[in-house]
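Novice: Have a look at the structure that comes next, please.
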Amino acid sequence: MQDVKEMRQVYCDCLLDMAKENKNIVVIEADLMNCIKTERFKAQYPERFFNVGIAEANMVGVAAGLSTCGKVPFISSFGPFATRRCYDQIFISVAYSKQNVKIVGTDPGISAEVNGGTHMPFEDMGIMRLIPECVCVEPTDAAMLKSLMPQIAAYKGLVYIRLFRKKTEKVFEDGENFDLFKARSIKEGKDVTIIASGIMVSRAIEAAEILKGEGIDAGVLNTYTWKPMDKEAVTAAAKRSGAIVVAENHNICGGLTSAITEVVCANCPVPVLSVGVNDKFGEVGKMPYLSNVYNMNVSDIAERCKQVISLKK
C-alpha cells in the first residue's frame, strides 16, 4: 500500500510547520521548486525563500553564507546535482567551515527513471559519506520523514537527505517516532538479516515473507541513517543471524554495502552479500524495468539470502 501523500509534499509540510516555530529556517532552490513542491513555502514566506537559478554550486555558497548569519538553510536539487556537481563547495564552504546546512537530493537511484543516467544518483550517499561529520539519511516513508525532519533541523551541522519525491510504499504507521541516529528493526531473524534502506525496505519485507514460506527465518533491519551508522544494531543483527544481505538503491561500491561491511568486519565477521547497483551507470527506464536491469527485485533479495545462508555452512 502506498502512502497517501508524496514525499515531496510531506517535506514541504514539515518545512512550513517548522518555520512557524523557527524564524531562521530558510529555503533555497535551484529553479526546481515545482519539482520539490516548495512553491508553497515561497508563497507563505517569500522573504525566507531564495531561487538562485540552475546554479547548484552557487546555491551551496549562498546557503553557507546564510548559515554564518544564524539561518538554517534547506537546499535541494536532483541527487547528482545536489552532491556531485557542487561537491567541493559542500566540502569546503559548508562542512570544513562548520556551517549548518541541510541538503536534499531527490530522485535517488532508479527512481530518477526516464531522466536517465545523467540524473540517476547511484553514488550520492557514497561521496557524501566521505565528508567528515556529515549525517547521511534516507527516509523510508512519509511517517519516518515527518519524525526525522525536526531532528534534522535541530542538528547543528551538515545533513544530506536522500529523498524519494513521489509516493512510497507505506512501511510505518503515522505518528511513529524515529531516532535520527538509530536503525529500526522491523523483524528479527535467526537465519539471515536483510539490511535495507529507502525503496528497498518494502522489498526486503516482502522477501522475508517469501522466505518464511520456505522455512527460512529472515530478519529485516532498516538502516535509514547511513552515517553515522548504528553499529550496535548492525552488530547485534550479525551475531543473531550469522549472515547478512544488504539491499540498496545505490552503487554497492561505497554505498550501504560498504558501510555495513565496515561495521561487520570490525565487530562480528559474518558472510555479507548485496543487492544493488554493481558498478554501473544509470539508464533510461521505468522502475520495474530498471529493477530488472540492476537485479533489485524482491526475488533477487530472496535468492541472495539463500546464497549467503549457504556460506555459513
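The values are calculated or read from the model by the stated rules, or taken from the named source; none is laboratory data. Nothing here was measured: the structure is a model prediction, and the numbers come from that model. All Cβ positions, even for glycine, are placed from backbone atoms using ideal geometry, and neighbour counts span all protein chains on display.
Novice: Do we have any residue at all in region 62-81 that's of a type outside the set (F, W, Y) and over 24 Å from P150 (Cα atoms)?
Specialist: yes
Novice: Hey, could you check region 186-224 for residues that are of a type in the set (S, T, N, Q) and crowded, with 24+ Cβ neighbours inside 10 Å and say which is nearest to the chain's Cα centre (by Cα)?
Specialist: Checked region 186-224; the qualifying residue nearest to the chain's Cα centre (by Cα) is S197.
To keep it simple, each residue is scored yes or no on (1) in contact with a Phe, Trp or Tyr (Cβ under 9 Å, 6 or more places away or on another chain); (2) touching a residue at least 60 places away in the same chain (Cβ under 8 Å); (3) outside the structural domain of N100 (by TED's automatic domain parsing).
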{"residue": "N22", "(1), (2), (3)": "no, yes, no"}
{"residue": "V27", "(1), (2), (3)": "yes, no, no"}
{"residue": "F41", "(1), (2), (3)": "yes, no, no"}
{"residue": "A63", "(1), (2), (3)": "yes, no, no"}
{"residue": "S67", "(1), (2), (3)": "no, no, no"}
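Novice: Also, quick follow-up: Would you say V60 is part of a helix (DSSP H, G or I), more than 20 Å from K166 (Cβ to Cβ) and β-branched (V, I, T)?
Specialist: In short, yes.
Novice: Taking T261 as the residue in question, decide whether it is surrounded by 15 or more Cβ atoms within 10 Å (Cβ to Cβ) and either in contact (Cβ under 8 Å) with a residue 40 or more places away in the chain or under 17 Å from the mean Cα position of the chain (by Cα) (or both).
Specialist: No.
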